[in-house]
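The values are calculated or read from the model by the stated rules, or taken from the named source; none is laboratory data. Predicted model only: the values in this text are computed from it and were never measured. All Cβ positions, even for glycine, are placed from backbone atoms using ideal geometry, and neighbour counts span all protein chains on display. Surface accessibility is based on the protein's heavy atoms, side chains included, excluding ligands, DNA and RNA. Shrake-Rupley method; radii C 1.70, N 1.55, O 1.52, S 1.80 Å.
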Amino acid sequence: MTINDVTLDDLPLRDDLRGEVPYGAPQLDVPVALNVNENPYPPSEAVVADMAAAVAAAARTLNRYPDRDALALRADLAAYLNGDGAEGLRVENVWAANGSNEVMQQLLLAFGGPGRTALSFAPTYSMYPEYARDTHTNWVAGRRADDFSIDLPAALDGIAEHQPTVVLLASPNNPTGTALPLADVEAILAAAPGVVVVDEAYAEFRRAGTPSALTLLPDHPRLVVTRTMSKAFALAGGRLGYLAASSAVVDAVRIVRLPYHLSAVSQAVARVALAHADELLAAVGELRAERDRTVDWLRENGFQAAASDANFVLFGVLPDRHAVWQGLLDRGVLIRETGPDGWLRVSIGTPEEMAAFRAALMEVRT
């Protein structure tokens, strides 16, 4: 047997991982990629130049380990969040890692585990059950209402029954775009015996007047609010996610984080992005407007479209969603086949990309 003749069946893989496949949306070379909720507008040349200078400075010290606790970056993140609804966050209230995925994994490592339960409400982010699986945490998925809101009485019943140590709430929710009322978050916080994580990966795209769960942090020491720089900051390739919480929660994830987990280059690039926040976030308003136009257009043309506070729209109901997805791909437009049966999700791109999506969809439906 040679090295390439070995299969997973020949390896001592964990039994619960047999038959599983790696997570991942298709990465295809297409003219219009609208499937992974990226910001379609790249950083300006001025921002690129500042990032390059910061990386060059970091490169001169790469023989040394980075700041293990990313103190300067966390201070910058705290200042940014204090301008977006938080109050009095300090460096000890913020943690950063390689994307919000790693933040979530660290939270499940700290507060999940064998004999413990994580609870969420489907349809929601497809990685949540994988975080639970990978940390040997029992996974329970309650159901959302027909309008994709959380059925609060049912959610409270689920908490009472399963006594989860982690409750995962995405707001805006992926893949539906649904924002969660803070009154519902407070009710869940009052009932939950463990930590409640509000995943705000798309928070910057929320509609005017929609508050962030950050405003609840002062009175709720078991609340965790997670964010990412991948979406609104157009930094998906930079892989920087973070959380805001009590200092005790931050101490807990510091126990389980790997040593020197966040590279000096990642820290440097993220700090430059935060320094240019006004410029990088300038496209958010345009993307919100394009999102709302997309919802209106879909509804005007006979589709159902979920009300969205994110940079994507879930639409349906399609008798054969895979055929529609494939038909769009055949026309050079890649969207995401995810969510409930009969629904598809389209990320919001540039006006030109959205025009291509609309034209392709009209061709496919006929």
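In whole percent, what relative contact order does region 27-151 give with Cα contacts below 8 Å and a gap of six or more residues?
Numbers: 85 pairs, mean separation 18.5, N = 125.
Answer for region 27-151 is 15 percent.
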query: Relative contact order (percent) for region 290-350, with alpha-carbon contacts under 8 angstrom and 6 or more residues of separation?
result: 31
- line: Quick calc of log₁₀ I(q)/I(0), region 171-269, Debye, one scatterer on every Cα, no solvent, q values 0.13, 0.21, 0.24 1/Å, result -0.53, -1.18, -1.33
field: DSSP beta bridges in the chain [antiparallel fraction, %, rounded to 5]
entry: 45
task: Report the percentage of all Cα-Cα pairs in the chain whose separation exceeds 31 Å, rounded to a whole percent.
output: 38
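Evaluate the relative contact order of the chain (contact order divided by residue number), counting alpha-carbon pairs under 8 angstrom at least 6 apart; express in whole percent. Can you show the working numbers first?
Working: 647 pairs, mean separation 83.4, N = 366.
It rounds to 23 percent for the chain.
Which sequence of Val55, Val295 reflects their accessible areas, 1.4 Å probe, from the largest down?
Values: Val55 45, Val295 10 Å².
So, going from the largest accessible area down, we get Val55, Val295.
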- request: Just tell me, in residue order, which DSSP H segments of the chain are both 18 angstrom or longer along the helix axis (alpha-carbon based) and at least 0.0 in mean Kyte-Doolittle hydropathy.
  value: 45-59, 99-111, 351-365
query: So how exposed is His322, as accessible area in Å² (1.4 Å probe, rounded to 10)?
result: 90
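Using heavy-atom solvent-accessible surface (probe 1.4 Å) with all chains present, what is the largest-first order of Val364, Val317?
Numbers: Val364 35, Val317 85 Å².
Listed by decreasing accessible area, they come as Val317, Val364.
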- request: Roll a 1.4 angstrom probe over the protein heavy atoms and tell me the percent of accessible area of region 252-366 that is carbon or sulfur.
  value: 50
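Taking only protein heavy atoms and a 1.4 Å probe, what accessible area per residue, in Å², does region 74-183 have with all protein chains in place?
Values: 4120 Å² over 110 residues.
Ligands and nucleic acids excluded, the figure is 37 Å² per residue.
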- prompt: Can you give the accessible area of Leu13, probe radius 1.4 Å, in Å² rounded to 10?
  reply: 50
task: Provide the per residue accessible area, probe 1.4 Å, for region 219-366, rounded to a whole number of square angstrom.
output: 39
query: Based on DSSP H runs of at least 4 residues, each adding -39500 (n - 2.57), what is the mean residue ellipticity at 222 nm of the chain after dividing by all its residues, to the nearest 500 deg cm²/dmol?
result: -11500 deg cm²/dmol
task: For region 300-366, run through the chymotrypsin sites (Phe, Trp or Tyr not before Pro) and keep only the ones in DSSP coil with at most 14 other Cβ atoms within 10 Å of their Cβ.
output: none
message: Let me check something: with ligands and nucleic acids excluded, how do Arg345, Arg288, Arg68 order by accessible area (1.4 Å probe), largest to smallest?
response: Arg68, Arg288, Arg345
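With all protein chains present, how much of the accessible area of region 139-238 (probe radius 1.4 Å) comes from carbon and sulfur, to the nearest whole percent? Numbers along the way, then the final one.
On the way: 1850 of 3560 Å².
For region 139-238, the apolar C and S fraction of the accessible surface comes to 52 percent.
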